Structure formats: structure tokens, C-alpha cells
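Participant: I have a structure here, written as C-alpha cells, and I will follow up with some questions on it.
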Amino acid sequence: MKSPFLKTLGTACALSLLLSGTAIADHTVKVGVIAPFSGPFAIWGKQFKDGVEVYVAQNGETAGGHTVEFVYKDSGGPNPSGAKSLAQELIIKDGVDYLGGLVFTPNALAVAPLIDEAQIPTVIFNAATSSIVMTSEYFVRTSFSLWQVSEPMAQWAYDQGIRSVVISVTDYGPGNDAQVAFGSAFEELGGTVLDAIKMPLQTNDFAPFMQRIKDQNPDALFAFLPAGPPTFAFVKSYNENGLPDAGIKFLGTGETDETNLQALGDAALGLTTAYHYSADHDSDLNRAFTAKLEELSPGSVANLASVGAYDGAHVLYAMIGAVGSERTKAVDVARGMEWESPRGPVSIDPDTRHITQNVYIRRVARNENGVLVNEEFETIPNVPDLGLMQ
Amino acid sequence: MSVLSGILIDGFSYGMILFMIAVGLSVTMGLMRVINLAHGGFALLGGAFAHWLTSIASLNYALSVILSVLAVMLIAIAMERALYKKIYQFSELQQVLATIGIAFLMIASVNLFLGSTLLPIRAPAFFSTSIDLGFRSLPAHRLVVIIAGLVIAGGLYILLDRTRFGIQLRAAVDNRDMAASLGINTVKIYALTFSLGAGLAAFGGILGAELLPIEAYYPLRYMVLFLVVVAVGGMGSIAGSFFAAISLGIIDTAARYIVPDFGTVFFFIAMMIVLTLRPHGLLGRI
């Protein structure tokens, strides 16, 4: 059941492939990057671009004799139809052979049928809902999924002797993922989930939730909120309502994301999270990565977005280096790839095309310069996307 | 019992923060009849100045708050003279478009100079301590906000109802030409009142920042919230805004405590009921 539109598109793409014969001759391969570069989420696009530029600066502009050219397109916020038409424009007008970027799940899902039809390998730098990679054989993902980090958190918490939790998540897709992932894993281990609170997306004042959690007196609170103002207010509220003093531990995932960590200030100290990347990761490769990032884009903070884009560029370079514009075989190159990333050793799962990586348990602390960092103190090695195993 | 008192206290303090930020809008939109969607922008500017003064220039908190509010009031006077004096004459839709444009300019300016991440205002350590009320603890900054809100509410009531300036303002708003012909300097009155509204926005933005953190998209993120408080309270009524903010704060808090899964729906149901029964708001002037 192909729509006439997609047929036309397919023909157009085939045509553009023929026309791009000249492009093959001078060995330029274009990669379209779809990300927000304006509006409230503009920082994502900037972080992606910075990450890619660090990779290019370290590895040169060519991969296996092909010059790689990145074309950036601004998708704004979650905007499926906009993302789809940008992808179409990149494929047909700009003649890109590969796509990358994608911050939001709806945008990634909207692009899936297009890249299937036009056979465009697409590396997802962020969009973290487990099921996305199942919607097209052309998706490869270098970010993480909430299942991937929430289950190890549950395991670690149980190992620490935590037996009862209250789960408090923002009521939207990723929040629900985090709640189910953490809750089912924790209960399977024998722990008790006293309450699962779904907080409205438009919450400003978290005090009532904190009071409710405190009344139930759990060993720990597992939270998931979108980064930015909600996390800021939530963490403040957690401290001000005396939950740490009542012995209720904070367990999270990306709440202590580096871009907003300094803003949280002392309130963040001691927060425990499970995540795949910390800018503080102790490896030479990560130090080289953060140093180059600071050199190229002063003030840019290394976080999940920049490392997702950096590794995404690595996968793109590997694919382009191996097959150039013969992109139909490119995804097979990515399957099973293993390499050392600034976040640690990683590989692409041959079946799911999602990144397998270490998950780190971290604690917020001040480093020797007085800067707040996520200090990794425990490693759970080689975690696949557990969501896809369900 | 402790649940009920917890809801009342949290709701009251949340409502007070809403009041602090929305009262400036009640002055400009309610009294001066200019639909100022850039209101949150003045709160943003105040917060951005306070962020800059406390974090980068490492100034004392109280001094930073005063300087930030004054800076915003000066900017507001300049903008009133340059832009708003023309906007007063516009039709309602044009006012909406013009002021939302101004809000976008403010967002873009803050974004350009300070970026789009959170802009924390370094508050004194006292703010984050808990004060024990016997049956529960309350963060100290909420107590500060409650006291500041009561002072502002009382101060505005005296200013608008009991002073010469208030009388002149009400005269100028009711019939500008007549007031001018009686020798009232309406140009000055308008500029000062507008600046007062902007200054209140900045003050509310800074004090409320612990709950509604300052970042470049602040004006759009919370615009609906301010408009609801002013609409429910009744245009131009300081007391109305006060009661609206407190009751909406309590309703919202109670709903989130008791039935968190229903989200903010009760907040808007309350708004719809009030506006159906009293289209001009709780204490609105017809």
C-alpha cells in the first residue's frame, strides 16, 4: 500500500540519486541534520552542531576518501509534520544520502516512513523512546532510552537496601516509560512501590507532591522530569520540604543534566542518578572531547546531546567510509560496530540498531574547581535497550 | 487535618506568588486598558538583571533586587514613551500583536546575551532554610513572598484609593481628555503607572523565581497563568487579583495533592465557572 505521494517521492529520490552521479565523482557525501536551532529547545541544535564539529576537527573532513558535508535544518520544537517536510527537502532538494539529529520522538516517528521509502540511513542523536528504532530498518541510535537507564537504577537502589519507593514522574511519554521501567524492575526484585504519581506537565509548584511523598515515608523517591524549569523547581522543592532530612533518597536519571546543573546550585549536591554519560567521565578520550569542545565553542557544556552527536558522527563516518553514497548497505556497516566513546566502551546492537553502553551511577558533587559535576562511582557494563526486550 | 492545613498553606503561598507576578498586569491591563502580553517580559528582564547582578557581579541580594526593579522601571518608561503611547490608541487585536512582538524581542535579547538555559538568582542562604510551623515546615522564601505580597497588596490599595496620584490615575483612565483639561498631567501619570506595573512584574518575577525559574522563554511559558489571574480577579481590581490568585493557588494545590492524575484541569474549571457566572471577574468593574 504505497501512496501516490510516496511513489513520486521514491521516483524523485531515484532521480536525485542519478543526478548526484557527479557528487559521487567528487566524493562529497552530504548528511542532513534535523534539530531545533531556534525557540525554547535551540540549545539542542547547538549542542548537536558543537558535538559534530568536535568530531570533524579531530577526524578530518573526509571518511574513506569521501568528503563529508553536514547540512543543518531547524525543526523548532516537537513538530512531526515540520520534521517530515524538512527531511523531504533534505533528501530531494539538498540530495543528502544520510540523515542525523532528531531530538523529539514525534519528529523521529514522522521521518520513519520517508527514510524507509528513500532508503536513507538515519542516525538518531537523541529521541529516546524505545520503539522508534523498530519503525524503520534505517534507524541507528546513539543516544539512550529511558528503559536503559531506569532499570539499572532500580537494581542499584535495591542493592543499597532500599525496599520502598514512591515514583513521581511528569505525565508524558518518557515519564511513563521511566515509571514503568523502574517500577516493574523494582517490584520484580521484591521492592514495594508505595505510590506512582503522574505530575501534570504544566506544574510550577511541587510542594503538594513533596508533602504527599513525605507522608508515605518511602526509603527513596524515583523521579523523572523534563530538563529545565520543572527539574529546577522539583529539586528545590525536594530540599525545602525536608525530604532529605526525613531520609528519603533522591533517585533519578537525566535530572542533573550538565546544561542546567550549575543553576541548581547546592540543592543538587548528593542527588543520585543513573545515566549513560557524565561530562566528568574519567577517560583520556572524554578529556580530549571536552577540551576540544571548549576550544571550538567556548562555554558549550558537554552533555548527552553533544556526546550523542559526537558518536552519531562517528557512526556516520564509519558508514560513509565503508560504502560512500551506496547507502543501502550502510546500516549493515553500523550493525555490531564497537568503539570507544567519550562515555566509555559502546557498540551498536546488530538486531535493534540501538547503542549498547555502560550505565553509570553518579552523585552530584563539587570538583576541585568548585564546579558541580556528576561523579560516577559505579558502573553497570554493557546495558542494551531493555525496553526493546519487553 | 494536617492534609487540609498543608493544602491551605501551600496553596496560599503559591497563590501569593501568582499574585505578586500578576498584580503588575492588573495595573497595566486592568487599569490602563492596554492588553500587555509583554508583561511577563518585564518579569523576565527583572530576573535576568537579578541573575546577572547576583551571579556575575556578585552583588548582595537585596541590593540586586532594588537595582533590577529600578532598571526595569527605567526601561519601561523609555518603552512607554517610544512604543506604548502609540499602542494605547490601537484596537485590541493590534495591541495583542504589538505587545506579543515586544515579548518576542525581549526573549530574543535575553537569549542573545545570557543564553536559553536557566538563569538562577543567587538568594541568601536564609531563603532555603525551613521554618517549622509546628505541624509542618515551610521554606523561608515562601514566607518572604507571603509577607512581600501582603505589603504590595496593602501598598497598592493605599496608592490607588487613598492618594492624589491614585485619584488622578483613575480620572485619567476613565476619561483622559477630561482629566487633561482639568490640568492633570496624563502623559506623566500614564508613564509612571506603566513603569509601576513593569516594576511590580520585575519584583514578582525575582521573588517568584524559586518556583517559576527565570529563563528566556519565561514570558510565553507563564503568560496564560498571569492572564487567568487577572481575568478571574476582574480587570483593574487589585483586591480581585489578590482573591483570585489565592483561591486559584489553593484549588490548584488541593487538586494536585488529592488527584494528581487530573492535572491542572481544576484550575481551568474554576476559571470557567467564575467567568461564566461573573464575566467581568470576581470584583471587576463593569
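What follows is calculated from the coordinates using simple rules that are stated; it is not laboratory data. These figures come from a predicted structure and were not determined experimentally. Neighbour counts run over all protein chains shown; Cβ positions are idealised from the backbone, glycine included.
Participant: Principal axis extents for chain B, Cα atoms only, whole Å, descending order, please.
Facilitator: Largest to smallest, the principal-axis extents are 59, 49, 34 Å.
Participant: How long are the semi-axes of the equivalent ellipsoid of segment B:27-160, taking √(5λ) for every eigenvalue λ of the Cα gyration tensor, in whole Å from largest down?
Facilitator: 31, 21, 13
Participant: Here is a further query. Could you state the number of Å between the C-alpha centres of segment A:192-220 and segment A:267-289?
Facilitator: Distance between centres, Cα-based: 27 Å.
Participant: Counting each pair of different Cα atoms once, what's the Kirkwood radius of chain A in Å, rounded to one decimal?
Facilitator: 21.5
Participant: To test your reading of the geometry: what angle, between 0 and 90 degrees and rounded to tens, separates the Cα axis of helix A:80-92 from the longest principal axis of chain A?
Facilitator: Taking the Cα atoms of chain A, the angle to A:80-92 is about 30 degrees.
Participant: Return the loop-located chymotrypsin sites (Phe, Trp or Tyr not before Pro) in segment A:96-191 (DSSP other than H, G, I, E, B) with at most 16 other Cβ atoms within 10 Å of their own Cβ; answer none if there are none.
Facilitator: A:172
Participant: Taking N as the number of residues in segment A:154-220, what is its Cα Rg relative to 2.2 N^0.38 Å?
Facilitator: So the Cα radius of gyration is 1.11 times the expected 2.2 N^0.38 Å.
Participant: Over all directions, average the projected area of the Cα convex hull of segment A:270-387 and note it in nm².
Facilitator: The orientation-averaged projected area of the Cα hull of segment A:270-387 comes to 8.5 nm².
Participant: Related question: Using the Kirkwood radius over Cα pairs, work out the Stokes-Einstein diffusion coefficient for segment B:153-286 at 4 °C and 1.567 mPa s, in µm²/s as a whole number.
Facilitator: For these conditions, the coefficient is 77 µm²/s.
Participant: Kyte-Doolittle mean at least -1.0 and Cα extent at least 20 Å along the axis: which DSSP H helices of chain B qualify?
Facilitator: Membrane-span-like by this criterion, though nothing is claimed about a membrane: B:2-25, B:61-79, B:92-114, B:140-162, B:186-207, B:238-258.
Participant: How far is helix A:207-216 tilted off the main Cα axis of chain A, in degrees rounded to 10, range 0 to 90?
Facilitator: 60
Participant: For segment B:216-286, state which trypsin sites (Lys or Arg not before Pro) are in a DSSP loop and have at most 15 other beta carbons lying within 10 Å of their beta carbon.
Facilitator: Those that pass, being in a loop and sparsely packed, are B:285.
Participant: Could I ask something else about it? When all alpha-carbon pairs of the protein assembly as shown are counted, what percent fall beyond 38 Å?
Facilitator: Counting pairs separated by more than 38 Å, the tail of P(r) holds 41 percent.
Participant: Within a 10 angstrom radius of the beta carbon, how do B:26, A:145 rank from fewest other beta carbons to most?
Facilitator: In order of increasing Cβ crowding within 10 Å: A:145, B:26.
Participant: Also, I was wondering about something else. Can you give the angle from 0 to 90° between the axis of helix A:304-323 and the longest principal axis of chain A, with both taken from C-alpha atoms, to the nearest 10?
Facilitator: Around 30 degrees separate the two axes.
Participant: Can I ask one more? If each residue's Cβ is checked for other Cβ atoms within 10 Å, how do A:94, A:311, A:219, B:174 rank with the fewest at the top?
Facilitator: Fewest to most other Cβ atoms nearby, the residues stand as B:174, A:94, A:219, A:311.
Participant: Evaluate peptide A:264-276: per residue, the Cβ atoms of other protein chains within 10 Å of its Cβ; return the mean as an integer.
Facilitator: For this peptide, the per-residue mean of nearby foreign Cβ atoms is 1.
Participant: Then there's this: Which residues make up the longest stretch of chain A that has no trypsin sites (Lys or Arg not before Pro) in a DSSP loop with at most 16 other Cβ atoms within 10 Å?
Facilitator: Longest run free of exposed loop sites: A:164-334.
Participant: Over the protein assembly as shown, what is the percentage of antiparallel beta bridges among all DSSP beta bridges, to the nearest 5?
Facilitator: 40
Participant: Is it possible to state the helix-based mean residue ellipticity at 222 nm for the protein assembly as shown, with each DSSP H run of 4+ residues giving -39500 (n - 2.57), the sum divided by total residues, to the nearest 500 deg cm²/dmol? What is it?
Facilitator: -17000 deg cm²/dmol
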